[in-house]
Amino acid sequence: MIYTVTFNPAIDYIVRMDKFVAGATNRVNYEQVLGGGKGINVSIVLKNLGLDSTALGFISGFTGKEIIRQLHGFGCQSDFIELPNGFSRINVKIKTAEQETEVNGQGPDIPQEAIDELFAKLDKLTAGDTLVLAGSIPKSLPDDIYEKIMAKLENRGINIVVDATKNLLLNVLKYHPFLIKPNNHELAEMFNVTLNSHDDIIFYAKKLQELGAKNVLISMGKDGAILVDQNGSTIHSPVPKGKLVNSIGAGDSMVAGFLTGYYETGDFKRAFYMGVATGSASAFSENLATRPEVEALLKTLI
Ligand SMILES: Nc1ncnc2c1ncn2[C@@H]1O[C@H](COP(=O)(O)OP(=O)(O)OP(=O)(O)O)[C@@H](O)[C@H]1O
Ligand SMILES: O=P(O)(O)OC[C@@]1(O)O[C@H](CO)[C@@H](O)[C@@H]1O
């Protein structure tokens with residue numbers, strides 16, 4: 001079974017307007033309310049591609065109920081821990097033709113008993129399971145929480161995927177995650193460098209491998225992606241042709257596509273192209289990628 005963990009799920013309130021002026025009253029001409037957060041997006045796209053998963057994490061309040069309602073609407077399973085306090089955050093994504101502005105909520109505090117409950121659920125995972133740890137964690141938690149989860153699950157034959165930034169990611173590398181997916185900006189930030197070429201990106205992706213990651217997938221938005229896999233092969237792919245509509249969740253879709261390609265074929269090259277096609281299929285659509293959209297783009301890549 002695949003499990004995803006979202007520590008800080010969100011309602012994504014996506015609005016479009018001609019122009020956004022800070023300090024003024026702005027009126028939208030399009031709005032959408034989507035249940036999200038990185039792990040939840042991964043679960044939705046996995047389901048769209050034909051793979052079952054169980055979404056874990058913490059949920060709270062009226063927004064939490066809506067997130068679960070939408071997730072179940074996609075046919076996904078969930079086993080969230082309901083917090084007694086606060087409400088799951090609302091993340092506002094403001095889009096104009098020129099720019100995207102995000103205002104992400106902070107989310108509820110997570111008490112120690114709720115963390116213990118999550119650890120008890122994770123303790124039931126067995127060899128052959130996959131665990132996707134994705135997204136930021138609320139301010140109330142220490143930034144070694146992913147590390148603690150991985151330490152507990154070490155040597156149990158569980159494939160762990162981590163999609164996180166900075167220390168949250170760097171601290172888990174010694175536990176040999178199966179897959180990590182920083183974007184090129186996050187990679188540069190981690191090493192405090194400027195990345196000027198694909199060779200630079202490959203060099204630092206390999207450094208992440210030296211630090212312990214097995215497969216390193218670097219996403220580069222409209223410039224495609226690079227994979228350095230556990231067998232030492234490196235592949236680059238541009239994105240397929242299409243029109244950008246909404247890139248929110250493109251990275252999560254890429255993770256879901258990679259896992260689907262890998263579990264269907266055991267082939268990293270196929271997994272990589274499936275990841276790129278799935279990321280782009282989401283970027284080219286208002287909603288997260290569907291299987292027919294992914295298959296259509298995949299044909300243009302390989
Ligand atoms: N403008 C775009 N055009 C085509 N494909 C895109 C575009 N943006 C993203 N993608 C696809 O999605 C993949 C992941 O995108 P990106 O690098 O933006 O991830 P990310 O930064 O993790 O995104 P997010 O945090 O918004 O989910 C890219 O490698 C590419 O395949
Ligand atoms: O604050 P985090 O957890 O880093 O990111 C949260 C978020 O931006 O990520 C998803 C897109 O990847 C959205 O559904 C959600 O709003």
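The values are calculated or read from the model by the stated rules, or taken from the named source; none is laboratory data. Just so we're clear, the structure is a prediction, and the values are computed from it rather than from any experiment. A quick note on method: Cβ atoms are made from the backbone with ideal geometry, for glycine too, and the neighbour counts reach across all protein chains shown. The area values use the complete protein model at the heavy-atom level, side chains included, leaving out ligands, DNA and RNA. Shrake-Rupley method; radii C 1.70, N 1.55, O 1.52, S 1.80 Å.
Of the residues making up segment 173-180, not a single one is within 16 Å of ligand 2 (Cβ to nearest atom), surrounded by fewer than 18 Cβ atoms within 10 Å (Cβ to Cβ), assigned to a helix (DSSP H, G or I) and without any contact (Cβ under 8 Å) to a residue 60 or more places away in the chain. For segment 83-123, the set of residues classified as of a type outside the set (A, V, I, L, M, F, W, C) and touching a Leu at 6+ places or on another chain (Cβ under 9 Å) consists of PRO108, ASP109, PRO111, LYS121, ASP123, listed by residue number. For segment 221-247, residues that are open to solvent by less than 10 Å² (accessible area, probe 1.4 Å) and part of a strand (DSSP E or B) total 5.
The lone criterion from (1) assigned to a strand (DSSP E or B); (2) open to solvent by less than 40 Å² (accessible area, probe 1.4 Å); (3) of a type outside the set (S, T, N, Q); (4) in contact with a helix residue (DSSP H, G or I) (Cβ under 8 Å, 6 or more places away or on another chain) left unmet by VAL33 is number (2). In this structure, does ILE218 turn out to be surrounded by 18 or more Cβ atoms within 10 Å (Cβ to Cβ), outside the structural domain of THR130 (by TED's automatic domain parsing) and not in a helix (DSSP H, G or I)? In short, yes.
Does GLY279 fit the bill of being under 23 Å from SER197 (Cα atoms), open to solvent by less than 20 Å² (accessible area, probe 1.4 Å) and at pLDDT 95 or above? Walk me through how you get there before you give the answer.
Details: under 23 Å from SER197 (Cα atoms): yes; open to solvent by less than 20 Å² (accessible area, probe 1.4 Å): yes; at pLDDT 95 or above: yes.
Against the criterion (under 23 Å from SER197 (Cα atoms), open to solvent by less than 20 Å² (accessible area, probe 1.4 Å) and at pLDDT 95 or above), GLY279 qualifies.
Of all residues in segment 208-233, which are more than 16 Å from HIS185 (Cβ to Cβ) and within 22 Å of the chain's Cα centre (by Cα)? Of everything in segment 208-233, those that are more than 16 Å from HIS185 (Cβ to Cβ) and within 22 Å of the chain's Cα centre (by Cα) turn out to be GLN209, LEU211, GLY212, ALA213, LYS214, ASN215, LEU227, VAL228, ASP229, GLN230.
Within segment 187-234, the set of residues being closer than 20 Å to GLY266 by Cα and of a type in the set (A, V, I, L, M, F, W, C) comprises ALA213, VAL216, LEU217, ILE218, ALA225, ILE226, LEU227, VAL228. Being on the phi > 0 side of the Ramachandran plot and either within 16 Å of ligand 1 (Cβ to nearest atom) or surrounded by fewer than 16 Cβ atoms within 10 Å (Cβ to Cβ) (or both) is the filter here; which residues of segment 75-110 pass it? The one that is on the phi > 0 side of the Ramachandran plot and either within 16 Å of ligand 1 (Cβ to nearest atom) or surrounded by fewer than 16 Cβ atoms within 10 Å (Cβ to Cβ) (or both): GLY75.
Of all the residues in segment 242-255, those that are within 8 Å of the chain's Cα centre (by Cα) and either over 7 Å from GLY279 (Cα atoms) or away from ligand 2 (no atom under 11 Å from the Cβ) (or both) number 3. Just one residue in the set LEU173, LEU187, LEU208, LEU259 is assigned by TED's automatic domain parsing to the domain that holds ASP52 and modelled with pLDDT of 95 or more; that residue is LEU173. Taken over segment 5-28, the criterion of being open to solvent by 10 Å² or more (accessible area, probe 1.4 Å) and among the small types (Gly, Ala, Ser) is satisfied by ALA22, GLY23, ALA24. Restricting segment 249-271 to residues that are assigned to a loop (DSSP other than H, G, I, E, B) and open to solvent by 30 Å² or more (accessible area, probe 1.4 Å) leaves a set whose member that is farthest from PHE203 (Cα to Cα) is GLY266. All conditions but one from (1) away from ligand 1 (no atom under 16 Å from the Cβ); (2) touching a Cys at 6+ places or on another chain (Cβ under 6 Å) apply to SER43; the one that does not is (1).
The residues listed here are ALA114, ALA55, ALA24; of these, the one that is hydrophobic (A, V, I, L, M, F, W, C), at pLDDT 95 or above and in a strand (DSSP E or B) is ALA55.
Of the residues ASP144, ASP199, the single one that is open to solvent by 30 Å² or more (accessible area, probe 1.4 Å) and at pLDDT below 95 is ASP144.
Would you check if there is a residue in segment 67-74 being away from ligand 2 (no atom under 16 Å from the Cβ), closer than 22 Å to ALA120 by Cβ and open to solvent by less than 10 Å² (accessible area, probe 1.4 Å)? No, the conditions are met nowhere in segment 67-74. When GLU286 is tested against (1) within 13 Å of ligand 1 (Cβ to nearest atom); (2) at pLDDT below 95, just one condition goes unmet, and that condition is (1).
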